[in-house]
1. Go through region 31-63 and count every residue that is at pLDDT 60 or above, of a type outside the set (F, W, Y) and surrounded by 16 or more Cβ atoms within 10 Å (Cβ to Cβ).
2. Look at region 69-98 and say how many of its residues are charged (D, E, K, R) and under 15 Å from D45 (Cα atoms).
3. Report, by residue number, each residue of region 64-80 that is surrounded by 10 or more Cβ atoms within 10 Å (Cβ to Cβ) and either aromatic (F, W, Y) or farther than 13 Å from V49 by Cβ (or both).
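The values are calculated or read from the model by the stated rules, or taken from the named source; none is laboratory data. The structure displayed is predicted, hence computed values, not measured ones. Cβ sites come from the backbone with ideal geometry, for glycine too, and all protein chains shown count toward neighbours.
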Amino acid sequence: MGLFDFLSDKGEQKPVEPAAKPAGGATDFFGNNSAAAANPTTAGDSYTVVSGDSLSKIAKHHYGDAAKWHQIYEANKATIGTNPDHIEVGQVLTLPSL
């Protein structure tokens, strides 16, 4: 079947069926469970750093208060090192329960 064969086919076209949803409920774009992402302190207490992140941005998103970045830093000193402003994409951080 060539690239343009579907255009010249006069037969009945069926719509594409949506993909089956995972048993665990809704997921985000990356396939992560959105319920766990919505409240990381109760389920899934880890976070993978993405481009543009900072500890204050992560704290604001997960705790609703950017000033709580200190708690994330204290829980991850071994991973982050001595400079809390230097986190790297791909690092997996522990998000402590507050």
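1. From region 31-63, those at pLDDT 60 or above are 31-32, 45-63; that's our starting set.
Those still in the list that are of a type outside the set (F, W, Y) too: 31-32, 45-46, 48-62.
Checking which are surrounded by 16 or more Cβ atoms within 10 Å (Cβ to Cβ) leaves us with 49, 53, 55-56, 58-59, 62.
Result for region 31-63: 7.
2. From region 69-98, those charged (D, E, K, R) are 74, 77, 85, 88; that's our starting set.
If we keep only those that are under 15 Å from D45 (Cα atoms) too, we end up with 74.
Of the residues in region 69-98, 1 are charged (D, E, K, R) and under 15 Å from D45 (Cα atoms).
3. Initially, region 64-80 is screened for residues surrounded by 10 or more Cβ atoms within 10 Å (Cβ to Cβ), giving 65-77, 79-80.
Of everything in region 64-80, those that are surrounded by 10 or more Cβ atoms within 10 Å (Cβ to Cβ) and either aromatic (F, W, Y) or farther than 13 Å from V49 by Cβ (or both) turn out to be D65, A66, A67, K68, W69, H70, Q71, Y73, E74, A75, K77.
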